1. Kindly establish whether ARG172 is in contact with a Pro (Cβ under 6 Å, 6 or more places away or on another chain) and among the charged types (D, E, K, R).
2. Look at TYR163 and say whether it is surrounded by fewer than 19 Cβ atoms within 10 Å (Cβ to Cβ), in a helix (DSSP H, G or I) and within 16 Å of ligand 1 (Cβ to nearest atom).
3. Kindly evaluate ARG207 against the criterion of being assigned to a helix (DSSP H, G or I), in the same structural domain as ALA245 (by TED's automatic domain parsing) and out of contact with any Gly (no Cβ under 8 Å at 6 or more places or on another chain).
4. Go through region 212-318 and tell me which strands (runs of 3 or more DSSP E), entirely inside it, have 1 or more residues that are among the charged types (D, E, K, R) and closer than 22 Å to LYS92 by Cβ.
5. Would you tally the residues in region 1-48 being of a type in the set (Phe, Trp, Tyr) and under 25 Å from ARG199 (Cβ atoms)?
6. Criterion first (among the β-branched types (Val, Ile, Thr) and more than 10 Å from ligand 2 (Cβ to nearest atom)) does ILE201 satisfy it?
7. Can you tell me which residues in region 13-42 are closer than 14 Å to ALA86 by Cβ and open to solvent by 40 Å² or more (accessible area, probe 1.4 Å)?
8. Suppose we filter region 257-289 for residues that are open to solvent by 20 Å² or more (accessible area, probe 1.4 Å) and out of contact with any Gly (no Cβ under 6 Å at 6 or more places or on another chain); how many remain?
Amino acid sequence: MNKVALITGINGQDGSYLAELLLGKGYVVHGMIRRASTPRTGHIDHLLADESLSDRFHLHFGDLADANSLRHIIDKTAPDEVYNLAAQSHVKISFDQPEYTIDVTGTGVVRLLEAIRNHMDHTGKEIRYYQAGSSEMFGSAKPPQSEMTRFEPRSPYACAKVYAHYQVINYRESYGMHASNGILFNHESPRRGEEFVTRKITRAAARIKLGLQKELRLGNLDAKRDWGFAGDYVDAMWRMLQKDAPGDYVVATAISISIRDFLEKVFDRLDLDWSKYVVVDPRFFRPAEVDYLLGDPSKAAAQLDWRSSTNITELATMMTDHDLKLAQAEARSSEPFTGR
Ligand code: NAP
Ligand code: G4F
């Protein structure tokens with residue numbers, strides 16, 4: 001029998017990579033999406049179009065703010081594994097919409113855990129749970145950060161993730177659920193949302209190279225992040241749920257560089273000098289900043305046999321080359337029509 005997985009946030013960056021991974025392993029994959037006026041399935045359209053997957057890949061409308069929809073989806077799909085990747089995931093926006101962020105990213109986790117617990121109570125079936133925790137939870141804690149480091153969250157988003165983290169432990173301890181927390185450091189890819197700094201940089205640099213954009217406005221260039229490749233990180237999520245016992249794991253590369261250094265890698269790839277194009281704009285500063293994230297992934301290496309396989313230079317190159325192709329297509333489409 002094929003295993004059955006439910007992925008919330010399937011049309012996000014990580015959801016799409018995880019769906020590919022699980023489908024490749026023979027899983028039946030159910031994904032939860034929110035209804036939107038304009039469909040947002042760009043990252044999974046290739047899976048939806050693949051007829052060979054039509055009996056193993058299904059989407060359902062639901063929302064972490066709507067407990068009823070969660071209960072309905074869990075009961076209908078009866079998954080073996082649930083990967084909760086859905087969230088209001090943007091740190092700066094969480095300062096603008098704290099209540100909403102806490103409702104979706106924090107309380108939404110309890111709604112989902114309750115739906116799972118009810119289903120398990122009624123059917124006797126075990127459902128394993130993965131929670132998408134974040135290195136943002138460490139906030140101002142001194143690097144390197146590991147599973148033993150105290151959380152010092154610095155945003156509504158990070159506070160909501162800390163709340164979710166402890167609820168997962170609560171459900172594990174109170175009800176014996178196989179519920180695990182991934183504490184993932186920043187991970188990026190060509191599918192990264194364009195409001196996050198790496199993708200904002202690669203998109204802009206490629207457009208600047210082709211004369212489609214003149215400048216790039218950014219906030220704090222001094223913050224340091226431990227950036228890995230999203231495709232590597234979803235494999236760690238899966239590995240957590242294959243362990244006999246649940247646990248909490250830091251997933252990171254153990255290398256951290258600043259936004260400034262990332263800018264240099266990307267613009268160098270395009271033979272450009274970043275300092276000629278970047279404008280520091282206070283609009284992009286945050287009320288409180290997380291200065292330095294550097295993960296210690298030794299537990300994931302020892303217990304999950306997981307390692308990051310993509311270094312930051314390879315990641316910057318992958319994203320820049322992808323976005324150069326996008327910019328080239330954009331330039332072609334904006335060329336005046338000269339046919340005939
Ligand atoms: P992402 O691209 O922003 O995807 C988030 C997904 O959540 C989207 O599919 C979004 O759907 C969905 N969503 C948002 N609000 C929802 C709601 N109320 N109900 C149902 N779905 C909702 O994020 P990501 O980078 O893939 O990250 C996946 C998870 O890992 C998130 O929980 C994030 O907080 C966490 N995380 C990410 C990183 C990282 O560096 N990427 C690191 C640590 C933790 P729409 O398309 O409809 O908005
Ligand atoms: O790319 P960012 O927005 O990512 P951030 O805040 O680290 O959060 C991401 O990673 C977390 C894991 O640690 C996830 F949990 C979370 O969901 C999200 O995926 O910003 C990175 C850094 C920050 O220090 C920010 O101040 O870049 C700095 N930055 C400078 N200029 C900017 C900009 N960030 C954004 N988004 N846009 C700017 O113009």
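1. Yes; evaluated as a whole, the condition is true for this residue.
2. Working: surrounded by fewer than 19 Cβ atoms within 10 Å (Cβ to Cβ): yes; in a helix (DSSP H, G or I): yes; within 16 Å of ligand 1 (Cβ to nearest atom): yes.
Yes.
3. Details: assigned to a helix (DSSP H, G or I): yes; in the same structural domain as ALA245 (by TED's automatic domain parsing): no; out of contact with any Gly (no Cβ under 8 Å at 6 or more places or on another chain): yes.
It is false that ARG207 is assigned to a helix (DSSP H, G or I), in the same structural domain as ALA245 (by TED's automatic domain parsing) and out of contact with any Gly (no Cβ under 8 Å at 6 or more places or on another chain).
4. Qualifying strands (runs of 3 or more DSSP E): 216-218.
5. The qualifying residues number 1.
6. Values: among the β-branched types (Val, Ile, Thr): yes; more than 10 Å from ligand 2 (Cβ to nearest atom): no.
Answer is no for this residue.
7. ARG34, ARG35, ARG40
8. 23
The values are calculated or read from the model by the stated rules, or taken from the named source; none is laboratory data. Computed from a predicted structure; not experimentally measured. Using ideal geometry, Cβ is built from the backbone for each residue, glycine included, and neighbour counts are taken over all protein chains shown. Just the protein is used for accessible areas: all its heavy atoms, side chains included, with ligands, DNA and RNA removed. Shrake-Rupley method; radii C 1.70, N 1.55, O 1.52, S 1.80 Å.
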